[in-house]
There are 2 protein chains.
Amino acid sequence: MTNPVLVEATRGPLVESRHRGAIAVVDAHGNHRAAIGDVEAAVFPRSSVKLIQALPLVESGAADAFGYGEEELAMACASHSGERRHVAIARRMLEKCGRTPADLECGVQMPSNLAAANALVRTGEAPSPLYNNCSGKHAGLICLARHLGVDPKGYASPDHPVQRAVTAALAATTGTSLDADVCAVDGCSIPTYAVPLDGLALAFARLVTGEGQPPQRAAAARRLFDACMGDPSLVAGTGRFCTEVMAAISGRVFVKTGAEGVYCGAIPGAGFGIAVKCDDGATRAAETMMAAVLAALLPMTAAERDLFSQRLTRPIASRAGVKVGEIRPVAGLVDAIRESRSSIREDTIRPADSSIVPTARSRGGG
Amino acid sequence: MTNPVLVEATRGPLVESRHRGAIAVVDAHGNHRAAIGDVEAAVFPRSSVKLIQALPLVESGAADAFGYGEEELAMACASHSGERRHVAIARRMLEKCGRTPADLECGVQMPSNLAAANALVRTGEAPSPLYNNCSGKHAGLICLARHLGVDPKGYASPDHPVQRAVTAALAATTGTSLDADVCAVDGCSIPTYAVPLDGLALAFARLVTGEGQPPQRAAAARRLFDACMGDPSLVAGTGRFCTEVMAAISGRVFVKTGAEGVYCGAIPGAGFGIAVKCDDGATRAAETMMAAVLAALLPMTAAERDLFSQRLTRPIASRAGVKVGEIRPVAGLVDAIRESRSSIREDTIRPADSSIVPTARSRGGG
């Protein structure tokens, strides 16, 4: 199945680039509220399931045992931008469980936040693993190891007790068996398991409703969702989609990005879980796809809708700051998601400018 | 027509992301040496045609009148990384024609070269337009205006004599009529005109052979190709595809990147022009597509082929530096290009792992 074009980048009068993908919106019983493209194809969720990966930290009692509050829980679910507060909380998470940044197995990364990166450049300080966007998740995994009474060393390996707990949570909530044949290594060195897109959406629907979940899991999920939605600047960072959308529509939506064009989310009020994947891995398109889902299915005030429209269709500017094009959902996508009850065929949604028209030309003209 | 998947990004045992696109390899008579995907669809060439945009600078006599040597000519064709030498030559180009960086209409950009950007951050110096990757092209346009005896001001506008000359060169070499309905604004504020992909390849074939070109144009093109292939570090920068490929295969290939997944090139020895476009605009895929064309059609020594194989299939590494996947042409692509004499249908080339297989799962497991 060829996924449909869902997002287009225009320049002047024409479409310049196109992104294909799939969108799954599912309720806690596994019913598809919207299904566009091949929602059964397995995708690597990458960082989009950090909330699920943080479940054992809370369910096990580790978070409470080491005095983790809402900030620590939000950071355990975060792909942060390496801003000052992110780094400070990640450091504190390690301190609270008696460990240090040297225990982090996520590798080193410069902050994605430009001001934070420039601050390091100015002082000549090399970034520690605390600046890695996954440092909060990793600190949480180390905390879990401490609580389980096992050596944190090797906690990133699939066979470490910590990863076995994380994988079990992902398998159970997505309803998927996760074996070596769908296992790869994430950018931060822990395993990532390919899961059908609608399985990811199902997991978030189950967790956001608690439907069919053991009480401890339902309670843990609730605490993690609340922590993220309550302090969205921790989950990503200044100016980023996750942070801005959760801040703009406070408490009524959860969204979480993953690398290579994956986005997951949940609408608590409707009991829906959401998962999108851009075929080519582009973040700009995954964000637009998620924005289209929310525009279709999340009730908003007029003011929220105004704010949100800037995320749905974003300008492309020249370096002189002039708008020269835009990134937008293809015409009909928001309606298709709103009206969809089952799979949508490619020919039911079309880009407004369905292709760049060949120009008149004569080969002899050169 | 849906373009085929040409490039895939793997992670562990599975394909994680896929890039579709089209490839045109054309001789100077317009015969398709290879045509994959919709090669007649028009694409914005963006910076991939800077060599064509520099033709009037040389043909008009402006370059000679103002004492531009090979360095200046290479920089007129460059999308440079803002390294020290790039900035110095761009400055010199303006000085030679009696103008200053204040005349540049390209806007401001931080260097894409990390060391160069960090050097600016450390000193607190704000980047001038000289650091814009297009500053050499813009300096050349200003030089052309001076030689034509017109005010450079507004040289970025479609109706300025400089842009009319540039557009005429693009129209003539591509055999395309370029009107307002295919005109948009590039990132550096000058016009970019959508041209059929095989028209772009045709232009580079004509220019690299001189076939059917007026003597002045053929000579100008030869000087520009020689300048770029002779000093490829000016055309892009340290570690970049254009620079490394032209340096590795010295004098026998010309390649030039453009934004949104376009790449153009030429193989002088074979008389071929090349143009590729990744549908979704990804540079990583356009580079791989160009690498596949060269692997198929450019004779190389064993040593060159060894070096080049690192550009054809590139590792994806975790932040800890471990290889976790790769970006590569789909299986059969290089052979398909080598054997192609006409359009290739989608089903003739296939990814090795043609899709991520759905995993076994039971919905009741959660």
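The values are calculated or read from the model by the stated rules, or taken from the named source; none is laboratory data. All of these numbers come straight from a predicted model, not from anything done at the bench. Cβ atoms come from the backbone with ideal geometry, glycine included; neighbour counts cover every protein chain shown. Surface accessibility is based on the protein's heavy atoms, side chains included, excluding ligands, DNA and RNA. Shrake-Rupley method; radii C 1.70, N 1.55, O 1.52, S 1.80 Å.
Working only within region A:199-217, note down all residues that are more than 7 Å from every other protein chain (Cβ to nearest Cβ) and over 14 Å from the mean Cα position of the chain (by Cα).
Those that are more than 7 Å from every other protein chain (Cβ to nearest Cβ) and over 14 Å from the mean Cα position of the chain (by Cα): A:LEU202, A:ALA205, A:LEU207, A:VAL208, A:THR209, A:GLY210, A:GLU211, A:GLN213, A:PRO214, A:PRO215, A:GLN216, A:ARG217.
Restrict the check to region A:202-212 and report whether at least one residue is at negative phi and surrounded by fewer than 20 Cβ atoms within 10 Å (Cβ to Cβ).
Yes, some residue in region A:202-212 is at negative phi and surrounded by fewer than 20 Cβ atoms within 10 Å (Cβ to Cβ).
Looking only at region B:304-343, which residues are assigned to a strand (DSSP E or B) and of a type in the set (Ser, Thr, Tyr)?
B:SER343
Based on this model, can you work out whether B:TYR131 counts as of a type in the set (Ser, Thr, Tyr), open to solvent by less than 10 Å² (accessible area, probe 1.4 Å) and over 15 Å from B:SER47 (Cβ atoms)?
No, not satisfied.
I'd like the residue in region B:271-288 that is in contact (Cβ under 8 Å) with a residue 40 or more places away in the chain and in a loop (DSSP other than H, G, I, E, B) and, out of all such residues, is farthest from the other protein chains (Cβ to nearest Cβ).
Filtering first and then ranking leaves B:GLY271.
Checking B:GLY332 against (1) touching a residue at least 12 places away in the same chain (Cβ under 8 Å); (2) open to solvent by 10 Å² or more (accessible area, probe 1.4 Å); (3) at negative phi, which test does it fail?
All conditions are met except number (3).
Looking at (1) open to solvent by 10 Å² or more (accessible area, probe 1.4 Å); (2) without any contact (Cβ under 8 Å) to a residue 60 or more places away in the chain; (3) within 18 Å of A:ASP198 (Cα to Cα), find the lone condition where A:PRO299 falls short.
The failed condition is (3).
Output yes when any residue across region B:117-138 is farther than 30 Å from A:ASN118 by Cβ and either among the aliphatic types (A, V, I, L, M) or more than 20 Å from the chain's Cα centre (by Cα) (or both), and no when none is.
No: region B:117-138 contains no residue that is farther than 30 Å from A:ASN118 by Cβ and either among the aliphatic types (A, V, I, L, M) or more than 20 Å from the chain's Cα centre (by Cα) (or both).
Suppose we filter A:ALA227, A:ALA184 for residues that are more than 19 Å from B:VAL322 (Cβ to Cβ) and hydrophobic (A, V, I, L, M, F, W, C); which single one remains?
Just a single option satisfies the conditions, and that option is A:ALA227.
Anything in region A:165-202 that is acidic (Asp, Glu) and over 15 Å from A:ARG46 (Cβ atoms)? List them, or say none.
The answer is A:ASP179, A:ASP181, A:ASP198.
Out of the residues in region A:16-50 meeting the condition of being polar (S, T, N, Q) and open to solvent by 10 Å² or more (accessible area, probe 1.4 Å), tell me which one is farthest from A:GLY281 (Cα to Cα).
Taking the candidates together, the pick is A:ASN31.
Being surrounded by 24 or more Cβ atoms within 10 Å (Cβ to Cβ), within 14 Å of chain A (Cβ to nearest Cβ), in contact (Cβ under 8 Å) with a residue 12 or more places away in the chain and within 13 Å of the chain's Cα centre (by Cα), is that true of even one residue in region B:236-259?
The answer is yes; a qualifying residue exists.
What are the residues in region A:143-198 that are touching a residue at least 40 places away in the same chain (Cβ under 8 Å), away from chain B (no Cβ under 14 Å) and either among the hydrophobic types (A, V, I, L, M, F, W, C) or open to solvent by 50 Å² or more (accessible area, probe 1.4 Å) (or both), if any?
A:CYS143, A:LEU144, A:ARG146, A:HIS147, A:LEU148, A:LYS153, A:VAL162, A:ALA165, A:VAL166
Counting only residues that are among the β-branched types (Val, Ile, Thr) and open to solvent by 20 Å² or more (accessible area, probe 1.4 Å), which one in region A:302-326 is farthest from the other protein chains (Cβ to nearest Cβ)?
So, considering only residues that are among the β-branched types (Val, Ile, Thr) and open to solvent by 20 Å² or more (accessible area, probe 1.4 Å), the one farthest from the other protein chains (Cβ to nearest Cβ) is A:THR313.
Pull up region B:67-89, narrow it to residues that are of a type in the set (A, V, I, L, M) and farther than 20 Å from B:VAL121 by Cβ, then point me to the one that is nearest to the chain's Cα centre (by Cα).
B:ALA78
Out of (1) out of contact with any Cys (no Cβ under 7 Å at 6 or more places or on another chain); (2) surrounded by fewer than 24 Cβ atoms within 10 Å (Cβ to Cβ); (3) within 11 Å of chain A (Cβ to nearest Cβ), the odd one out for B:GLY61 is which?
All conditions are met except number (3).
Got a number for residues in region A:155-179 being over 29 Å from A:ARG99 (Cα atoms) and in a loop (DSSP other than H, G, I, E, B)?
The qualifying residues number 4.
Filter region A:64-84 down to the residues that are open to solvent by 20 Å² or more (accessible area, probe 1.4 Å), in a loop (DSSP other than H, G, I, E, B) and either in contact (Cβ under 8 Å) with a residue 12 or more places away in the chain or among the acidic types (Asp, Glu) (or both) and list them by number.
Correct list: A:PHE66, A:GLY67, A:GLU83.
Identify the single condition in (1) buried (at least 24 other Cβ atoms within 10 Å of the Cβ); (2) touching a strand residue (DSSP E or B) at 6+ places or on another chain (Cβ under 6 Å); (3) farther than 17 Å from B:CYS77 by Cα that B:GLU287 does not satisfy, given that it satisfies every other one.
(2)
What is the one condition in (1) closer than 30 Å to B:LEU114 by Cβ; (2) assigned to a helix (DSSP H, G or I) that B:LEU57 does not satisfy?
B:LEU57 satisfies every listed condition except (1).
So, in region A:90-116, exactly how many residues are part of a loop (DSSP other than H, G, I, E, B), free of Cβ contacts under 8 Å to residues at least 40 places away in the same chain and more than 25 Å from the chain's Cα centre (by Cα)?
1
Could you tell me how many of the residues in region B:1-20 are small (Gly, Ala, Ser) and more than 10 Å from every other protein chain (Cβ to nearest Cβ)?
Matching residues across region B:1-20 total 0.
Just the residues that are under 20 Å from A:GLN213 (Cα atoms) and within 14 Å of chain B (Cβ to nearest Cβ), please, taken from region A:21-47.
Once the filter is applied, which keeps residues that are under 20 Å from A:GLN213 (Cα atoms) and within 14 Å of chain B (Cβ to nearest Cβ), region A:21-47 yields A:VAL26, A:ASP27, A:ALA28, A:HIS29, A:GLY30, A:ASN31, A:HIS32.
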